[in-house]
Amino acid sequence: MQDERTRLAQALAEAVAEALREDLAQQSRALLVVSGGSTPVPFFEALAGRELDWSRVDITLADERWVASDHKDSNEQLVRKHLLTGPAAAASYHTLTTADDAPEAGVHEVSERIAALSWPASAVILGMGGDGHTASLFPDSPQLEEGLTTEAVALAVHAPSVSQGRISLSRHRLIQARRHFLHIAGDDKRAMFARAFGGEDARELPIRAFLGEAIALYWAP
Ligand SMILES: O=C(O)[C@H](O)[C@@H](O)[C@H](O)[C@H](O)COP(=O)(O)O
């Protein structure tokens, strides 16, 4: 099982590295949007070692927990530790947090910072939770509707199912990419993906908001 997840991570890393190389041949900078959580770690490690002109790559997250960057739940910390190493250390990371106490206070500054990057992104890699959420678009969040419909870059999110406030890129912003990937692992996620794929209502399972157009599914047991 672990071997298959490692092989999957390597295949995804090769596809994303190739996407970045391809775009860097045509444009001066390329943007990569990754997800946090536990699934991406082997992918980050596989991607970090690929040779490409990382000095022209900008990296940000699809969403972030509103915690300090040295907090154990920080997605930024995960990216710094597992992706911004080796050749990929030359990439520029753009944080989704500020020194403000709450995501509501920082969202404007973060949105301006992220809007200034080279959109459309070369690749957006999404994950999916066991409840069908993606990025921080949670089915039980009062901000779900906003996240699915706003044309703003990012929004502050709270949800009963998660303990910390979050900041999430909006659906509108996350679809602005040349390529989309969904990276998931395990039988539970396969079953959830099958359920999501079989229906339409993104308010029930937010990942559905990304299944209406091309998205490459990377799944392993
Ligand atoms: O910060 C986060 O939690 C995410 O970006 C989130 O949307 C993640 O992709 C899913 O929750 C899957 O997480 P796992 O990989 O841990 O199952």
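Worth pointing out:
- Residue match in the stretch 105-118 (condition: under 30 Å from Ser163 (Cα atoms) and within 14 Å of the ligand (Cβ to nearest atom)): no
- Whenever a residue of the stretch 129-142 is within 8 Å of the ligand (Cβ to nearest atom), its partners that are modelled with pLDDT of 95 or more and in a loop (DSSP other than H, G, I, E, B), lying with C-beta atoms within less than 6 angstrom and at least six residues away or across chains, give the pairs Thr134/Met128; Ala135/Ala62.
- Single residue of the stretch 89-114 satisfying the filter (part of a loop (DSSP other than H, G, I, E, B), of a type in the set (S, T, N, Q) and free of Cβ contacts under 8 Å to residues at least 40 places away in the same chain) that is farthest from Arg171 (Cα to Cα): Thr98
- Positions within the stretch 43-88 being assigned to a helix (DSSP H, G or I) and either within 15 Å of the ligand (Cβ to nearest atom) or within 30 Å of Asp101 (Cβ to Cβ) (or both), in sequence order: Phe43, Phe44, Glu45, Asn75, Glu76, Gln77, Leu78, Val79, Arg80, Lys81, His82
- Residues being within 13 Å of Gly127 (Cβ to Cβ) and among the charged types (D, E, K, R) - total across the stretch 8-53: 0
- For Ser141: the one exception among (1) in contact with a helix residue (DSSP H, G or I) (Cβ under 7 Å, 6 or more places away or on another chain); (2) crowded, with 22+ Cβ neighbours inside 10 Å; (3) not aromatic (Phe, Trp, Tyr): (1)
- Residue list for the stretch 114-161, filter: of a type in the set (Val, Ile, Thr) and closer than 17 Å to Ile207 by Cα: Val124, Ile125, Thr134, Thr149, Thr150, Val157
The values are calculated or read from the model by the stated rules, or taken from the named source; none is laboratory data. Here the structure is a predicted model, which is why all the values come from computation and not from measurement. Reconstructed Cβ throughout: ideal geometry from the backbone, glycine too, with neighbour counts over all protein chains shown.
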